[in-house]
Amino acid sequence: MTAPDLPTFPPGFVLGAATASYQIEGAVAEDGRTPSIWDTFSRTPGRTLGGATGDVACDHYHRYREDVALLADLGVDSYRFSTAWPRVQPGGRGPVNPAGIGFYDRLVDELLSRGIDPAVTLYHWDLPQELEDAGGWRERDTAHRFAEYSRLVVDALGDRVTRWITLNEPWCAAFLGYANGHHAPGAQEGTPALAAAHHLLLGHGLAVAQLREAGAREVGITLNLDQVTPASDSEADRAAALRALTHHNLVWTEPLLAGRYPESERATWGELADGSYRRDGDLEVIGAPIDFLGINYYTPAVVADAPHDEPDPAKRTAMDVGTRQVERPELRHTTMGWPVDPPSLGRLIAEVFERYPDCPPVWITENGSAEADVVGEDGVVHDTDRVEYLAGHLAAVAEQIAEGADVRGYYVWSLMDNFEWAFGYDQRFGIVHVDYDTQVRTPKDSYRWFQRLTAAQRAARGREAQA
Ligand code: IFM
């Protein structure tokens, strides 16, 4: 089968790969790191598939040089990784842990020595367990603790790191963490998930202020926005789609980009959205200008009206917004069960700029697919479906740029197979295969394809420089 065509981008467009601390690092008890909520959660029986934990993961903590060499061979401009809060500031309070920050210091230097620009995410879900014991994101104080920790990181790495992402996918941290319990800390509560969402946003805003004060150059946030389409033109389905949009997108984008809470929140959560966790002045903190909006995107949502799981509105969880996702049998599905529809990424980008004409430049900070990869007898992983997935989504981005959308870069998720949260090690998103018994890394066909893309991008830059 011939590989899909390479999409073309403006010469300045940045290509990168992304990972996250708990998913790859391992070394959970080394150099002063204390447990995070994911250590506790993954060690609780029944929480992750097969009881998988991030104890070893990809052992990246010890193998980071090998992994940076893979990035260098891949030819990426940038690498997006996250810092582990309990490594940098054990227990979530107090001074920086020199050994913990030392790891990221070495990683940043290694990247720069290979000509790769580091992009740092400050929170990819590994909250120090001590802070969860004090209430976690239900508590306003956690937002202040997050800003303090962010300052420790920027003070240590800000001389070499240009691009800063405060939070990764706060939707997951708030709603999977505190509403349905699929993620750490595993709470299945109602209203606190809305409070957690607010405190995450507040933490973002407070961290932005710290990052600015420390002179950070580019500051943004990463959201996993949904591309929502109503299942039909009926009033009920359109209202359901608005509730789904509010739950997934507007709860974040309205305060961040429009300086207001979503008008549709009452229609979505009724009395649960009582806003008791909000204080005067919060919106100003949350809505402080950002330099970019990071979007993580995987799959679209076609949404229909559905009865609430819980008839009593007072007892509903924040997750129960009276909607259901319509099945898409006509589309291929990844091993996560997610329908593949590349043009939907283009639609999402267009919708974001349409709703928020002053939206800062967009970066696709994650996109990729989990597939049933096997290392063949020839020692190669022929992940044709992933190549098609990436080519399709990148083509959709290129098309939007050609139509005038300000999209500056794309990070493939993920550099390598890793700990996929509650799914353990069963779901492989990497463009590099990891054998978890031996820690051998094997670049897949998708890695080779992406390598060709980065080479083509460099060649385009060269041509432009000569013109
Ligand atoms: O692995 C995750 C990542 O941590 C956050 N975004 C989605 C990915 C795939 O599920």
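Amide H neighbours of residue 121 under 5 Å, at least 5 residues apart or on other chains, H built in the peptide plane: list them.
81, 82, 83, 165
Arranged by the count of other C-beta atoms within 10 angstrom, fewest first, what order do 6, 112 take?
Fewest-to-most Cβ neighbours within 10 Å comes out as 112, 6.
Amide H of residue 183 versus every other amide H placed in the peptide plane: which residues, excluding those fewer than 5 positions away on the same chain, fall under 5 Å?
177
Check residue 223: other-chain or 5+ apart residues with amide H under 5 Å from its amide H, H built from backbone geometry?
169, 294, 295, 296
Mind jotting down the distance between the C-alpha centroids of the range 51-127 and the range 324-338, whole Å?
When both Cα centres are located, 33 Å separates them.
Can you list the HN-Hα couplings for the range 26-41, worked out from phi with the Karplus curve (6.51, -1.76, 1.60; θ = phi - 60°), rounded to whole Hz and with x for Gly and Pro?
After applying 6.51 cos²θ - 1.76 cosθ + 1.60, I find x, 6, 6, 10, 9, 6, x, 5, 9, x, 9, 4, 6, 5, 5, 4 Hz.
At 222 nm, what value in deg cm²/dmol follows for the chain if DSSP H runs of at least 4 each add -39500 (n - 2.57) and the sum is divided by all its residues, to the nearest 500?
-11000 deg cm²/dmol
Expressed as a rounded percentage, what relative contact order does the range 364-467 have, with Cα pairs under 8 Å and six or more residues apart?
30
Over all Cα pairs of the chain, how is the pair count split among 20 Å bins, expressed in % and running from 0 up to the last occupied bin?
25, 61, 14, 0
Using θ = phi - 60° and the Karplus form 6.51 cos²θ - 1.76 cosθ + 1.60, what ³J(HN,Hα) does each residue of the range 352-358 get, whole Hz, x for Gly and Pro?
So the Karplus estimates, Gly and Pro as x, are 5, 6, 6, 6, 10, x, 9 Hz.
Order these by the 10 Å Cβ neighbour count, fewest first: 438, 365, 454.
438, 454, 365
Please compute, for the alpha-carbon atoms of the range 191-321, the extent along each of the three principal axes and give them in descending order in Å.
49, 31, 19
Once phi is turned into ³J(HN,Hα) by the Karplus curve 6.51 cos²θ - 1.76 cosθ + 1.60 with θ = phi - 60°, what whole-Hz value does each residue of the range 62-69 show in order, with x for glycine and proline?
9, 10, 4, 5, 4, 6, 5, 4
Would you order 58, 172 from fewest to most other beta-carbon atoms within 10 Å of each residue's own beta-carbon?
Taking fewest neighbouring Cβ atoms as first place, the list is 172, 58.
Measure out, as a whole number of angstrom, how far apart the alpha-carbon centroids of the range 18-39 and the range 207-230 sit.
23
Taking loop as defined by DSSP and a crowding limit of 15 other beta carbons within 10 Å, which trypsin sites (Lys or Arg not before Pro) in the range 149-202 fit?
160
Contact order normalised by length for the range 320-425, with contacts defined as Cα pairs under 8 Å and 6 or more residues apart; what percent is it?
Computed value for the range 320-425: 32 percent relative contact order.
Readers should treat all values here as calculations from the given coordinates under stated rules, not as data from a laboratory. Just so it is clear, the model here is predicted, and its values are computed rather than measured. Glycine also receives a Cβ, built like all others from the backbone with ideal geometry; neighbour counts cover every protein chain displayed.
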